[in-house]
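Engineer: First the structure, then my questions, so here it is.
The values are calculated or read from the model by the stated rules, or taken from the named source; none is laboratory data. Source: prediction; values computed, not measured. All Cβ positions, glycine included, derive from the backbone under ideal geometry; neighbour counts span all protein chains shown.
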Amino acid sequence: MESQTVFTTGQIAKICNVAPRTVSKWFDSGRLRGYRIPGSKDRRVPRENLIQFLKEHGMPLGELEDMAMGKVLIVDPSGSVLSQISGEFDKNYYRLESAGTAFETGTLLHSFHPDCVVIDLAVGPKSAEEIARGLRQHQATADVVLIAILDNADQAKMVDLTLFNETFRRPYDAALLAERVRSLVQRKRSR
């Protein structure tokens with residue numbers, strides 16, 4: 001279903017756990033936007049419209065959640081990056097997780113499948129580079145957006161910064177960092 005971009009009323013009924021006739025009523029009343037197949041009465045609803053409808057009506061996204069939400073993993077031993085930027089993200093559209101160590105990061109990468117990983121080099125330059133290199137080497141994660149948070153110029157010399165899409169140096173503007181994350185994640189998801 002992950003690659004599916006258009007849904008039938010029957011598929012939507014299964015997702016929402018309602019009768020197909022209920023979905024047809026939503027569609028016919030204009031609450032659920034989509035289109036009809038030319039020469040047919042069959043209805044089709046684009047994924048974005050379905051996700052918007054579910055969110056507007058407070059319905060669970062279920063299996064669509066992975067498609068609907070941008071996921072950001074923050075590798076941050078102190079928790080400071082997460083606390084600074086978490087308020088900058090709309091919880092309906094972004095899910096943030098954090099890891100304090102390279103081991104936790106590895107575990108979350110396999111279960112969380114983030115669109116973006118923000119790595120605070122306080123985790124250690126060697127660990128940060130291992131995480132970044134590991135992501136870039138595997139086909140399934142090669143397109144994950146990587147952002148490094150640096151303390152100083154000396155840290156920049158200890159890590160291969162070409163592995164990262166962006167770098168920010170302390171002190172950084174949390175709103176700007178969050179905006180770059182959102183922008184890069186949207187660009188990645190639209191490909």
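Engineer: Take segment 145-172 and flag every residue that is free of Cβ contacts under 8 Å to residues at least 40 places away in the same chain and β-branched (Val, Ile, Thr).
Structural biologist: Of everything in segment 145-172, those that are free of Cβ contacts under 8 Å to residues at least 40 places away in the same chain and β-branched (Val, Ile, Thr) turn out to be 147, 159, 162, 167.
Engineer: Which condition number does residue 43 fail, the rest of (1) crowded, with 17+ Cβ neighbours inside 10 Å; (2) at pLDDT 85 or above; (3) under 25 Å from the mean Cα position of the chain (by Cα) being met?
Structural biologist: (3)
Engineer: Going residue by residue through segment 164-187, is there one that turns out to be in contact with a Gly (Cβ under 6 Å, 6 or more places away or on another chain) and assigned by TED's automatic domain parsing to the domain that holds residue 106?
Structural biologist: Looking through segment 164-187, at least one residue is in contact with a Gly (Cβ under 6 Å, 6 or more places away or on another chain) and assigned by TED's automatic domain parsing to the domain that holds residue 106.
Engineer: Taking segment 26-40, which residues are over 24 Å from residue 190 (Cα atoms) and surrounded by 14 or more Cβ atoms within 10 Å (Cβ to Cβ)?
Structural biologist: Listed by number, the residues that qualify are 26, 27.
Engineer: Return only the number of the condition from (1) more than 20 Å from residue 181 (Cβ to Cβ); (2) surrounded by fewer than 19 Cβ atoms within 10 Å (Cβ to Cβ); (3) without any contact (Cβ under 8 Å) to a residue 40 or more places away in the chain; (4) not charged (D, E, K, R) that residue 54 does not satisfy.
Structural biologist: Condition (2) is where residue 54 drops out.
Engineer: Of everything in segment 88-99 that's in contact (Cβ under 8 Å) with a residue 60 or more places away in the chain and farther than 14 Å from residue 65 by Cβ, which residue is farthest from the chain's Cα centre (by Cα)?
Structural biologist: 88
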